[in-house]
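Presented below is the structure to which this report refers.
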Amino acid sequence: MVEADQRSEGGVNIVKELGRLTQLRTLAIRDLRREDRVTLCSSIEKLNNLCRLGVMSTKEDEILDLQSLSLVPRFLQQLYLKGRLEKFPHWIPSLYGFFSLILGWSKLRDDPLQSLEELPNLAMLVLDQAYEGEGLCFKAAGFQRLKDLRLSKLKVLRWVRVEKGAMPHLETLGERAKHCNDNLQAGLKDEGEGLPPVDLKHLG
């Protein structure tokens, strides 16, 4: 785990130095400050072998802006973002090889599913206090590889709609019930031929 405000022995910002670690495969950085966002994106673009990336802001309401990231590591498979997102990162839908996405504190106002539904290898999706809309819609034929879906602290969420052909391989549906809207369970609508048998887990 790297702290964004750390300095190297020469006094250089560690976020800038990360770009030199071109063989790095796993990177987890916390306490990312506003002034370091562009520098971090520039460093990430140089990490061609990166497979796992985690970025956490300093606090819950701190904006985590990674929109300046234009060249995404081609081997990236797992992504964890914890911080408020004003916009869904435009580069995530291009990550055809990655299989795990965890979003925390994001508080997105627009349904993020439309940006994720066509990712061919996405197997795990966690939305933890990540969405402030009333509904989520899993559209027909979307999320063909998704096996593990977890919803947590989505206090405004009232309904989840699953259209025919969506999530055909879902195995686990996790809901942190005490932190979600009380009406969510009743608002789960399966409009297809029925979801596959799933292991329903309450997470808290």
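The values are calculated or read from the model by the stated rules, or taken from the named source; none is laboratory data. Because the structure is predicted, anything quoted here is derived from the model rather than measured. We place every Cβ from the backbone using ideal geometry, glycine too, and count neighbours over all the protein chains shown.
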Members of the range 51-63 that are closer than 20 Å to L125 by Cβ and out of contact with any Asp or Glu (no Cβ under 9 Å at 6 or more places or on another chain): C51, R52, L53, G54, V55
Close pairs from the range 4-28: first at negative phi, partner modelled with pLDDT under 95 and aromatic (F, W, Y), Cβ under 6 Å, at least 6 apart: none
Hey, R84 of a type in the set (D, E, K, R), within 20 Å of L149 (Cα to Cα) and not assigned by TED's automatic domain parsing to the domain that holds L151 or not: no
Test: residue in the range 121-128 that is more than 13 Å from the chain's Cα centre (by Cα), surrounded by fewer than 15 Cβ atoms within 10 Å (Cβ to Cβ) and closer than 20 Å to S94 by Cα: yes
Flag for L116 being in contact with a helix residue (DSSP H, G or I) (Cβ under 8 Å, 6 or more places away or on another chain), at pLDDT 95 or above and buried (at least 17 other Cβ atoms within 10 Å of the Cβ): yes
Count - residues of the range 92-113 that are over 16 Å from D148 (Cβ atoms), at pLDDT below 95 and among the aromatic types (F, W, Y): 1
Strands (runs of 3 or more DSSP E) contained in the range 35-137 and holding at least 3 residues touching a Lys or Arg at 6+ places or on another chain (Cβ under 9 Å) and more than 21 Å from A4 (Cβ to Cβ): 124-128
